[in-house]
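Step one of this worksheet: look at the structure below.
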Amino acid sequence: MIHHASFGVAHPDRVAHALAILTDATAVRAPTPPFPYGTWFVVAGDDRGSLLEILPATTVLDPTAPLGVRQRTATFGPAATHVLLGAAVAAEEIHAVAAREDWPVQEAETGLFKVIKLWIDGAVLVEFLTSEEAARYTAAFGIEGLTILDKNLRQLEQDLANVLSLKMPTELLADALGRKPA
């Protein structure tokens, strides 16, 4: 379904090359025009033409701008957008690249699969599935899991709500999730 996704970072060249290593992809400089100067592609080379567009952080996709793109003063911080990628390397290599680049990283068990969360420049979240966890992800969201997906998600919701209510104050949980406590 998804052929490509894009996000902006402070150093697109460096980020593209690091992501290419972690996904066994190829980093290629994007053509300017039509892409903003400094944009890079991370090309999977698969049968769908999957790729990531790594844009400069100053890029804004704007329907009123010429070519649908404009530049702004970079305001770089955490956002709601992220991408989940299949890793071509072991978890240790992801941690090593994160350490080399000084990017925060953590592993998180979601209840359905385990991801490695890597925050590029401390702001852009890129999650990775190791090959071991890809099977769990596909079991949950693939063809086999689709018929019971809603049931499994509601059970996970209930289980996590119970666990989290024991670990953090109700107000903190409500603030994080964007809803008021009952």
- Query: Which whole-Hz couplings ³J(HN,Hα) result when phi for each residue of the range 115-120 is put into the Karplus expression 6.51 cos²θ - 1.76 cosθ + 1.60, θ = phi - 60°, listed in order with x for Gly and Pro?
  - Reply: 10, 10, 9, 10, 9, 5
- Message: If each residue of separation counts as 0.36 nm, what is the full-extension length gain between Leu160 and Thr138 once their alpha-carbon separation is subtracted?
- Response: 5.8 nm
- Query: What's the angle, to the nearest 10 degrees (0 to 90), between helix 91-101's Cα axis and the longest principal axis of the chain?
  - Reply: 50 degrees
- Compare the Cα positions of Leu55, Val89, Gln155 along the charge dipole of the chain (+1 at Cβ of Lys, Arg; -1 at Cβ of Asp, Glu; about the Cα centre) and return the one farthest towards the positive end. Leu55
- Measure nothing but the geometry: give the 0 to 90° angle between the long axis through the Cα atoms of 12-23 and the longest principal axis through the Cα atoms of the chain, rounded to 10°. 50 degrees
- Task: Let me have the 222 nm mean residue ellipticity of the chain computed from DSSP H runs of 4+ only, each contributing -39500 (n - 2.57), with the sum over all residues rounded to the nearest 500.
- Result: -11000 deg cm²/dmol
- Item | Nearest-ten-degree value, helix 149-167 long axis tilted from longest Cα axis of the chain | 80 degrees
- Task: Estimate the FRET efficiency between Asp47 and Glu171 by the formula 1/(1 + (r/R0)^6), using the beta-carbon distance for r and 30 Å for R0, to the nearest 0.05.
- Result: 0.05
- For the chain, what is the relative contact order in percent, using Cα pairs closer than 8 Å and at least 6 residues apart in sequence? 15 percent
- Antiparallel DSSP beta bridges within the chain, percent to nearest 5: 65 percent
- At R0 = 30 Å the Cβ-Cβ FRET efficiency linking Leu146 and Val28, nearest 0.05, sits at 0.30
- Message: Rounded, prolate or oblate for the range 91-179? Axes are the square roots of the Cα gyration tensor eigenvalues, ordered a ≥ b ≥ c, and the cut-off for rounded is a/c under 1.5.
- Response: oblate
- Message: As an exercise, identify the trypsin sites (Lys or Arg not before Pro) in the range 65-167 lying in DSSP coil whose Cβ has no more than 15 other Cβ atoms within 10 Å.
- Response: Arg72
- So for the pair Gln106, Thr75, with labels modelled 7 Å out along Cα→Cβ, what separation do we get in nm? 2.6 nm
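Values in this text are rule-based calculations from the coordinates and carry no lab data. The model shown is predicted, which means the values in this text are computed figures rather than measured ones. Methodologically, a virtual Cβ is constructed for each residue, glycine included, from the backbone with ideal geometry; neighbour enumeration extends over all protein chains shown.
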